[in-house]
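Everything below concerns the one structure shown next.
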Amino acid sequence: MKTEQIEKIKNAFNDLPEHWLLLFVIDAEDYLEKNIAILNEVLKQEDTVGVYVTLNRPYSVLIKILEKNNINTDKLFFIDCITKMLGTEKEEKKCLFLENPQNLTNITIAIDEIISAIPSKNKSLFVDPMSTLLIYNRVGTVSKFLHVITGKIRVLNLNGVLLSTEKELDPEFADQLEQFVDKTVDLSK
Amino acid sequence: MQEEIVTTNKKMIELKNYESVLIVEDTKSLRVTVNDILKTLQDKPIIYINLTNTYNSVVSNLKKDELKINNILFIDCITQLAGGNVCNPENVLFIKEPNDLTSLEIAISKFFESIPDEKWLVFYGFNILKIYNKEDIILRFIQSIFENASASNAKIIILSTHVKNDSLIKKMAHFFEKVVMEIE
């Protein structure tokens, strides 16, 4: 990853409100690398505990990647929306397995459950990637879901990171998403 | 005595001269514009509807930007939707969700009626209404707001982002005395 992009990620966390919500738009090419750099920045913050919603990478694969990249996974809980669809889940202490990314209500409930179970004051929600929801749901449904989720991040005083890949985004959806967050950081250029 | 104009931006002074203004910009510019507007109007009674953020978050951002909020009645359509606790300060009305246009309309008209002098409706994130309502319903809502405003001597500023071929913006533009469209 270019130094310029690393700086962009670091700077994204400057000049934010006490509780913040960021959208990162990433190109598919080096998606994972940037995703890890962002997560690393989030977890650097004092006493942060993160809830990682994975929409396209199974927990078992994701945890290996994160550990390989020296991410402190002790500070993370997971909501996995993909493994059950593949029929390969086994019980994990730190992960909730949901049926599929189609059931947006279940995702909302799972976030509520995990967040309320975490005692830390500094909680972050990490959604990877938002655009996957558009594969499984209509744009209007995802927009409503996003409005609720971003509202939830605000009312629960969480910090939030939403990731998205540029090409998958419907322009109207992208525009709405941008309005719900405090800052949009385009890492696709 | 000449009225003191509390503004940093010439465009904002001009906007004060119109009865109704529609501003269509990209999200980044719109955030700056709405703050400029609220700064310009901070000594006037305002009903401020923000469909993109919760009351607590909006207030904390405005305070960070050193804006006076004493004259603002906030309308929050998100907190209840997101399952948040509804506090009860005097300067906010919570509406269950953005498809409850009737409650929104009642809140606006009550505010208009309660203040005999100059007052403003500032509506930010207007296009979010499209997530929850059909276009014709939104147009009827707008028409009704304009009728109320005209009967109560209220001024309207609506701020929206623009998506290519946005038919709602095209259909509602004719309601306004001034349309500011700054799209690249």
Scope the stretch B:132-184; condition acidic (Asp, Glu) and over 17 Å from the mean Cα position of the chain (by Cα); matching residues: B:Glu135, B:Asp136, B:Asp166, B:Glu182, B:Glu184
Evaluation of B:Ser150 against (1) within 14 Å of chain A (Cβ to nearest Cβ); (2) part of a helix (DSSP H, G or I); (3) of a type in the set (Ser, Thr, Tyr) (one fails), failing number: (1)
Residue that is farthest from B:Ala82 (Cα to Cα), among those in the stretch A:115-128 that are away from chain B (no Cβ under 14 Å) and crowded, with 21+ Cβ neighbours inside 10 Å: A:Asp128
Matching entry among A:Thr83, A:Thr3 (being buried (at least 17 other Cβ atoms within 10 Å of the Cβ) and among the hydroxyl-bearing types (Ser, Thr, Tyr)): A:Thr83
B:Ile157 within 14 Å of chain A (Cβ to nearest Cβ) and among the β-branched types (Val, Ile, Thr): no
Matching residues in the stretch A:103-112 - criterion: being surrounded by 13 or more Cβ atoms within 10 Å (Cβ to Cβ), within 14 Å of another protein chain (Cβ to nearest Cβ) and not aliphatic (A, V, I, L, M): A:Thr108, A:Asp112
Positions within the stretch B:21-56 being among the basic types (Lys, Arg) and farther than 24 Å from A:Leu146 by Cβ, in sequence order: B:Lys39, B:Lys44
Some residue of the stretch A:81-101 being among the hydroxyl-bearing types (Ser, Thr, Tyr) and at pLDDT below 90: yes
Pairs, first on the phi < 0 side of the Ramachandran plot and without any contact (Cβ under 8 Å) to a residue 40 or more places away in the chain in the stretch A:95-123, second surrounded by fewer than 19 Cβ atoms within 10 Å (Cβ to Cβ) and of a type in the set (S, T, N, Q), C-beta under 7 Å, six or more apart: A:Leu98/A:Asn106; A:Glu99/A:Asn106; A:Gln102/A:Asn137
Strands (runs of 3 or more DSSP E) wholly inside the stretch A:1-102 that include at least 2 residues being under 24 Å from A:Ile114 (Cα atoms) and away from chain B (no Cβ under 14 Å): A:48-54, A:76-80, A:95-97
Any chance A:Leu133 is in a helix (DSSP H, G or I) and in contact with a Pro (Cβ under 8 Å, 6 or more places away or on another chain): yes
Qualifying residue in the stretch A:62-72 (condition: hydrophobic (A, V, I, L, M, F, W, C) and without any contact (Cβ under 8 Å) to a residue 12 or more places away in the chain): no
Matching entry among A:Phe77, A:Phe180 (being under 14 Å from the mean Cα position of the chain (by Cα) and touching a residue at least 12 places away in the same chain (Cβ under 8 Å)): A:Phe77
Tally of residues being surrounded by 22 or more Cβ atoms within 10 Å (Cβ to Cβ) and part of a helix (DSSP H, G or I) across the stretch A:157-177: 3
Check on B:Lys119, away from every other protein chain (no Cβ under 14 Å), touching a strand residue (DSSP E or B) at 6+ places or on another chain (Cβ under 7 Å) and within 25 Å of B:Tyr55 (Cβ to Cβ): yes
Matching residues in the stretch B:151-184 - criterion: being among the polar types (S, T, N, Q) and free of Cβ contacts under 8 Å to residues at least 24 places away in the same chain: B:Asn165
Restricting the stretch A:130-166 to residues that are charged (D, E, K, R) and away from chain B (no Cβ under 11 Å), the residue that is nearest to A:Leu76 (Cα to Cα): A:Glu166
Index of the failed condition, B:Asn127 passing every other in (1) under 21 Å from A:Ser143 (Cα atoms); (2) modelled with pLDDT of 95 or more; (3) surrounded by 20 or more Cβ atoms within 10 Å (Cβ to Cβ): (2)
Subset of the stretch A:167-189 [more than 8 Å from chain B (Cβ to nearest Cβ), of a type in the set (Asp, Glu) and touching a strand residue (DSSP E or B) at 6+ places or on another chain (Cβ under 8 Å)]: A:Asp182, A:Asp186
Condition check for A:Gln176: of a type outside the set (Gly, Ala, Ser) and out of contact with any Phe, Trp or Tyr (no Cβ under 9 Å at 6 or more places or on another chain): yes
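The values are calculated or read from the model by the stated rules, or taken from the named source; none is laboratory data. Keep in mind that this is a model prediction, so the values were computed, not measured. Glycine also receives a Cβ, built like all others from the backbone with ideal geometry; neighbour counts cover every protein chain displayed.
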